[in-house]
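Scroll down for the structure; my scribbles are underneath it.
The values are calculated or read from the model by the stated rules, or taken from the named source; none is laboratory data. Since the structure is predicted, the reported quantities are computational estimates derived from the model, not experimental observations. A quick note on method: Cβ atoms are made from the backbone with ideal geometry, for glycine too, and the neighbour counts reach across all protein chains shown.
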């Protein structure tokens, strides 16, 4: 060791993996702190967040040499319950020395800011290079002290409001969220509802809403005029599930009027050639969207009338449709229309009932495809957890089924069939004298399916 120049040895240490740097700390006191600084430079809490147990030790690690805070780029701390003031102060101390953070995730945000302890507000607002934030368990204190004042070139923002146990409470209000970052935000996720227009997000490309209150879609169009991807995931509670059928029609009718007043007849919202909607069929029905090229639709629990109306208006050219074998009326599936634009169909049937009648299911699928110019078909049978469907799935002759589909569906070019978790096949349709046959392709080939 004495024969190696210390500067050269430090350069060599920088090439070592993390495990070897820890070994250096254990056996060499001379280079202990140099190894510690190298470890600080590699700190990344993206996938393994700090917790109430590890925050104090990391705060002590930073206090040994404040320069270490400059190495940290991604800060993620996860709390499962309200944060006591002492712990909140330690988080604030860490952030006060981490000026180079670009990605920040904090949970239990409302409990981090109290009337007695607002230490964390200053350090968060002082980080000027943030491009991504995720604030969870947000309430009015965090909104007023942090979100309303944050000034940074954000690209991604996730703001999840405090969960409400009382089902009669309306969706949290997200109107005017992150006003000083509105010009740069490209991806927004929230479980709040934009009830009015205070700011426009002109750069937003994707909007993810974690609720199903789809009243007044005009506000969304005005606030997010450039959105290309709209995703609705109602995991926070079904705020419209209890309303009557007539009320659903009224919501849809109002939305259709608002869309017509804002979107050209040959246009769409979401916008662009790659416009995409992801969510439930019932939500798409309530929104009343039209001319959406790409749709991922979860229709396992929805009324088939809603599915038909929604898809007829949306007229997708690429549809990923998930259905329940227990709830789907197969005769209605045969009549399903997508406006005559459907080119790619990925149909997933969730096997949640006793063995289905293949003699009814396959003809219904064929009848649906015959109504559309389907060129690429992915037919998947997905078993639910702990079911005995695997025995039925092993009996499916996938090659024969692919040949039947190729001969019955005019214009079909490729077929992909998935039977459970372990059986998978892809075929290219080829013309032969008197009909069509299929040639097997390597799984994952897909000329068109991007």
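Pull up the range 223-257, narrow it to residues that are surrounded by 15 or more Cβ atoms within 10 Å (Cβ to Cβ) and part of a helix (DSSP H, G or I), then point me to the one that is modelled with the lowest pLDDT.
Filtering first and then ranking leaves 248.
Being farther than 23 Å from residue 375 by Cβ, in contact with a strand residue (DSSP E or B) (Cβ under 8 Å, 6 or more places away or on another chain) and outside any loop (DSSP other than H, G, I, E, B) is the filter here; which residues of the range 288-327 pass it?
298, 324
Which residue pairs have Cβ atoms under 7 Å apart, sit 6 or more places apart or on different chains, and have a first residue in the range 169-185 that is surrounded by fewer than 21 Cβ atoms within 10 Å (Cβ to Cβ) and a second that is at pLDDT below 95 and not in a loop (DSSP other than H, G, I, E, B)?
So the pair list comes out as 173/193.
Collect the residues in the range 282-297 that are in contact with a helix residue (DSSP H, G or I) (Cβ under 8 Å, 6 or more places away or on another chain) and modelled with pLDDT of 90 or more, keeping them in residue-number order.
Passing the criteria: 284, 285, 286, 287, 288, 289, 290, 291, 292, 295, 297.
Confirm whether residue 412 is assigned to a helix (DSSP H, G or I), assigned by the TED database to the domain that holds residue 348 and in contact with a strand residue (DSSP E or B) (Cβ under 8 Å, 6 or more places away or on another chain). Please lay out each step first, then the result.
Working: assigned to a helix (DSSP H, G or I): no; assigned by the TED database to the domain that holds residue 348: yes; in contact with a strand residue (DSSP E or B) (Cβ under 8 Å, 6 or more places away or on another chain): yes.
When the stated conditions are applied, residue 412 does not pass them.
Residue check: is residue 353 over 23 Å from residue 373 (Cα atoms), outside any strand (DSSP E or B) and over 24 Å from the mean Cα position of the chain (by Cα)?
Taking the combined requirement at face value, the residue satisfies it.
Please verify whether residue 88 is under 27 Å from residue 153 (Cβ atoms), modelled with pLDDT under 80 and assigned to a helix (DSSP H, G or I), treating the condition exactly as stated. Walk me through it before giving the result.
On the way: under 27 Å from residue 153 (Cβ atoms): yes; modelled with pLDDT under 80: no; assigned to a helix (DSSP H, G or I): yes.
When the stated conditions are applied, residue 88 does not pass them.
A quick yes/no check of all residues on (1) at pLDDT below 95; (2) part of a loop (DSSP other than H, G, I, E, B):
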{"position": "93", "(1), (2)": "yes, no"}
{"position": "144", "(1), (2)": "yes, no"}
{"position": "185", "(1), (2)": "no, yes"}
{"position": "195", "(1), (2)": "yes, yes"}
{"position": "203", "(1), (2)": "no, yes"}
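Cβ-Cβ under 8 Å, sequence separation 6+ or interchain: first residue in the range 417-437 and on the phi > 0 side of the Ramachandran plot, partner assigned to a strand (DSSP E or B) and surrounded by 10 or more Cβ atoms within 10 Å (Cβ to Cβ). Which pairs?
420/381; 420/382; 420/383
Identify the residue in the range 64-79 that is touching a helix residue (DSSP H, G or I) at 6+ places or on another chain (Cβ under 8 Å) and exposed (fewer than 14 other Cβ atoms within 10 Å of the Cβ) and, among all such residues, is nearest to residue 95 (Cα to Cα).
67
Could you tell me whether the range 356-373 includes any residue that is modelled with pLDDT under 80, in a loop (DSSP other than H, G, I, E, B) and surrounded by 16 or more Cβ atoms within 10 Å (Cβ to Cβ)? Don't jump to the end; show me each part of the working.
In the first step, residues of the range 356-373 are kept if they are modelled with pLDDT under 80; the result is 356-360.
So of that shortlist, the ones also in a loop (DSSP other than H, G, I, E, B) come out as 356-357.
Then keep just the ones that are surrounded by 16 or more Cβ atoms within 10 Å (Cβ to Cβ); that gives 356.
Checked against the condition, which is being modelled with pLDDT under 80, in a loop (DSSP other than H, G, I, E, B) and surrounded by 16 or more Cβ atoms within 10 Å (Cβ to Cβ), the range 356-373 yields at least one hit.
Scanning the range 150-163 for residues that are surrounded by 14 or more Cβ atoms within 10 Å (Cβ to Cβ) and in a loop (DSSP other than H, G, I, E, B), which turns out modelled with the lowest pLDDT?
The selected residue is 162.
Tally the residues that are without any contact (Cβ under 8 Å) to a residue 24 or more places away in the chain, closer than 23 Å to residue 298 by Cβ and outside any loop (DSSP other than H, G, I, E, B), restricting the search to the range 377-409.
Residues that pass the stated criteria total 0.
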